[in-house]
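Asks: After the structure tokens below, expect a handful of questions from me.
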Amino acid sequence: MAVPPPTVHLANGPEMRTMVTRPADDTEPGGGSGGFSVAYGRDETPFPVYLTGFLSAVFFAGAIATGSPFMVGLGLAAGAFAYYNFPLTETGRRVIGANEYGIFIAGFGIVRWRAIRQIELVAIAVRADTFHEVQIGLSQPLTSALIADWRKVPWWRRGMRLPWKMSYDNVVRVKVDPLDRTPDDIHRTLVRMWRFYRS
């Protein structure tokens with residue numbers, strides 16, 4: 001049965017749910033008839049968020065008990081960190097994936113296959129660490145490339161981290177290290193599906 005066309009006005013549209021719930025088989029390059037999707041990892045990724053949230057509560061409790069402005073400042077700093085990184089705790093929430101219509105990115109939208117000119121995996125060295133991004137170069141303006149636009153988020157999520165950034169040269173950059181598959185696996189699968197569906 002064909003998947004219904006994407007619904008533009010739904011921020012968490014039915015196409016995302018369809019990708020996750022369909023049984024896997026070998027009929028498509030994503031490994032299943034519903035496509036391919038990945039979420040944030042369930043290992044140690046959410047731990048710093050929970051820890052700083054707990055510390056924020058401790059600092060605020062200390063501020064109430066002592067009246068110390070310093071404790072208030074620590075509580076605000078810890079709370080801001082926990083709020084910004086809260087999406088890392090949503091381990092069941094799909095972050096990036098693809099199906100027959102294109103690549104979807106949470107908080108961004110669905111990019112049609114024919115609007116993509118390249119998909120690259122880039123390693124970025126920062127001090128002693130190396131981070132990975134899947135960079136999706138667009139061949140069209142963003143307004144034409146998106147089948148569905150999910151960039152408008154609820155007001156209470158506007159200060160939270162997003163999994164993507166848009167560069168000046170029309171490239172969508174997605175951080176893939178916190179996700180539950182390896183960067184190589186994510187990149188390889190997206191490229192395979194892109195080559196399959198753009199033809």
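Asks: Measure off 7 Å from each Cα along the Cα-to-Cβ vector at Arg161 and Arg188, then give the distance between these two points in nanometres to one decimal.
Replies: Result: 2.6 nm between the two label points.
Asks: Under the classification rounded if a/c is under 1.5, otherwise prolate if a/b is larger than b/c and oblate if not, where does segment 135-179 fall, given a ≥ b ≥ c as square roots of the Cα gyration tensor eigenvalues?
Replies: On the way: a/c = 2.27, a/b = 1.28, b/c = 1.77.
Oblate is the answer for segment 135-179, as a/c is 1.5 or above yet b/c matches or exceeds a/b.
Asks: Which value results when the Cα radius of gyration for segment 87-138 is divided by 2.2 N^0.38 Å?
Replies: Values: Rg = 13.4 Å, N = 52, 2.2 N^0.38 = 9.9 Å.
In units of the globular-protein estimate, segment 87-138 measures up at 1.35.
Asks: With +1 on each Lys and Arg Cβ and -1 on each Asp and Glu Cβ, and nothing else charged, work out how big the dipole of segment 61-162 is about its Cα centre, in Debye to the nearest 20. Could you put the intermediate results ahead of the total?
Replies: Details: 11 positive and 6 negative charges, 55 e Å.
Taking the Cα centre of segment 61-162 as origin, the dipole is about 260 debye.
Asks: Separate question: If you stretched the chain out fully between Val153 and Arg117, how much longer would it get, using 0.36 nm times the residue separation minus the C-alpha to C-alpha distance? Intermediate results must be reported in sequence, preceding the final value.
Replies: Working: separation 36, 0.36 × 36 = 12.96 nm, distance 2.73 nm.
This chain segment gains 10.2 nm when fully extended.
Asks: Next question. Provide the gained length on full extension for the span Leu142 to Tyr84, in nm with one decimal, where the gain is 0.36 nm per separating residue minus the Cα-Cα distance. Walk me through the numbers before you get to the answer.
Replies: Details: separation 58, 0.36 × 58 = 20.88 nm, distance 2.57 nm.
Extra length available between Leu142 and Tyr84 comes to 18.3 nm.
All of the numbers you see were taken from the coordinates with simple rules; none came from a lab. Keep in mind that what you see is a predicted model, and the values were worked out from it rather than measured. No Cβ is skipped: glycine too gets one built from the backbone with ideal geometry, and neighbour counts run over all protein chains shown.
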